[in-house]
Amino acid sequence: MDDLKAKYLTQIADAADETSLEDIRIAAVGKKGEVALKMRELGKMTPEERQVAGPALNALKDEINSALAAKKAALADAALDERLRSEWLDVTLPTRTQRRGTIHPISQVTEEVTAIFAEMGFSVAEGPRIDTDWYNFDALNIPGHHPARAEMDTFYMHRAEGDNRPPHVLRTHTSPVQIRSMEATGAPTRIICPGGVYRADYDQTHTPMFHQVEGLAIDKDISMANLKWVLEEFVKSYFEVDGVDLRFRASHFPFTEPSAEVDIRCSWEGGTLKVGEGDDWLEILGSGMVHPKVLEAGGIDPNEWQGFAFGMGIDRIAMLKYGVPDLRAFFDSDLRWLRHYGFAALDVPTLHGGLSR
Ligand code: DAH
């Protein structure tokens, strides 16, 4: 027994890590270890011998177990010391605040608008930002001499001498996408087209590039009443209010007949905009019944089909909803502004989950 004790206590003292310590434990006091084997021999002893050997074996087992436990703790301490020595941290360094990217308000509003119209069965159509003057003007019933061409401050693409391709422009509105999607899908159709547009203009409320969303619904019996309902639903959802008052003002656009500009009731009390109450009116979009010539240009028979269209400034409704006073700030790429007005990247706007929260 003394030999066993000497052997295992030395081994335990010399163990270099926890694995070898565990091997020692199994060999010494494990179920089939040497101490257990000795215990089995107790059965063959005389009662007198057993009275001496039994307690001595138990004492040996206890001694080995406590040596194992002590060594285990010592090894763990040593491992921690080693880690503390090798890992080094300067706790006096200032913290690094986490800077994450944000969703630009224009992208956010585009998503909000898309979510609202998707709920009403409109899908998203897209068209090129550089388009022919036919799509941008002629097909929309704006012929060459029409004053609307001059009013739009169009950017024309440079044409080399001898270039016979049709003249191209930076699209001045999203309306040409109406024609392209009529060509692509025919009638009936229900689409919105959000996207960038260009005009040579620059002041607090105008930038040379801005954003619009076009709407188009064509079917057999679409009327101004449908237009009114759709726009009311939109304004309520977008401004997140229960009721709105819309005012349809007779207007003129070459591509619609009749045409109307739409205002919403609002108040500017205390310098902040409240939609749905007050005595002021705010113009938010142009609209009307699609002109027969426009349907024809899109390859749709105006004797069979009719529809409404509207065009709205995305930047404008973004300024209104989120209280941005100067349009130009949207395009300044000022990080402080973007962090203040930006939206959390993973909060996708939906009608059920909340548009702006
Ligand atoms: N394209 C017009 C603009 O840029 C907006 C517009 C007005 C679009 C009336 C329409 C519409 O579809 O029906 O000012």
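Summary of computed values
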item	result
Sequence of 197, 348 when ordered by accessible area, the most exposed leading, probe 1.4 angstrom	348, 197
Long-range lysine pairs (8 or more apart or interchain), the range 209-356, Cα under 28 Å	10
Order by protection proxy (mean Cβ within 10 Å, highest first), peptides 85-95, 37-47	37-47, 85-95
Alpha-carbon spread of the range 61-150, three principal axes, descending order, Å	106, 36, 21
Whole-Hz couplings from phi, Karplus 6.51/-1.76/1.60, listed for the range 115-123; x for Gly and Pro	4, 5, 6, 4, 4, 9, x, 8, 9
The range 138-153 - phi-based ³J(HN,Hα) in whole Hz, Karplus 6.51/-1.76/1.60, Gly and Pro as x	3, 5, 9, 6, 10, x, x, 8, 5, x, 4, 5, 5, 4, 7, 6
Estimated FRET transfer efficiency (residue 277, residue 159; beta-carbon r; R0 56 Å; 0.05)	0.60
Helix 224-239 axis, angle to the chain major axis (alpha carbon atoms, nearest 10°)	40
Non-local Lys pairs in the range 2-86, i.e. 8 or more apart or on different chains, that have alpha carbons under 20 Å apart	21
Ellipticity estimate at 222 nm from DSSP helix runs (n ≥ 4, -39,500 (n - 2.57)) divided over the chain, nearest 500	-12500 deg cm²/dmol
At most 12 other Cβ within 10 Å, DSSP loop - trypsin sites (Lys or Arg not before Pro), the range 238-298	none
Between helix 47-86 and the chain: long-axis angle, C-alpha atoms, 0 to 90°, nearest 10	40
Candidate residues 238, 198: accessible-area rank, largest first, probe 1.4 Å	198, 238
Sparse-neighbourhood loop sites, GluC sites (Glu not before Pro) in the range 266-345 - DSSP loop, at most 15 other Cβ within 10 angstrom	277, 304
Per-residue ³J(HN,Hα) for the range 310-323, Karplus 6.51 cos²θ - 1.76 cosθ + 1.60, θ = phi - 60°, Hz, x for Gly and Pro	8, x, 9, x, 5, 4, 5, 6, 5, 4, 5, 6, 9, x
Normalised contact order of the range 2-86, rounded percent, pairs of Cα under 8 Å and 6 or more residues apart	35
Helix 18-29 axis, angle to the chain major axis (alpha carbon atoms, nearest 10°)	40
Relative pair counts by distance (%), Cα atoms of the chain, 20 Å bins	22, 34, 9, 12, 17, 6, 0
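The values are calculated or read from the model by the stated rules, or taken from the named source; none is laboratory data. If you're wondering where the values come from, they're calculated on a predicted model, not measured in any experiment. Note that we place each Cβ from the backbone using ideal geometry, even for glycine, and neighbour counts take in every protein chain shown. Just so you know, the surface numbers come from the protein's heavy atoms only, side chains and all, with ligands and any DNA or RNA stripped out. Shrake-Rupley method; radii C 1.70, N 1.55, O 1.52, S 1.80 Å.
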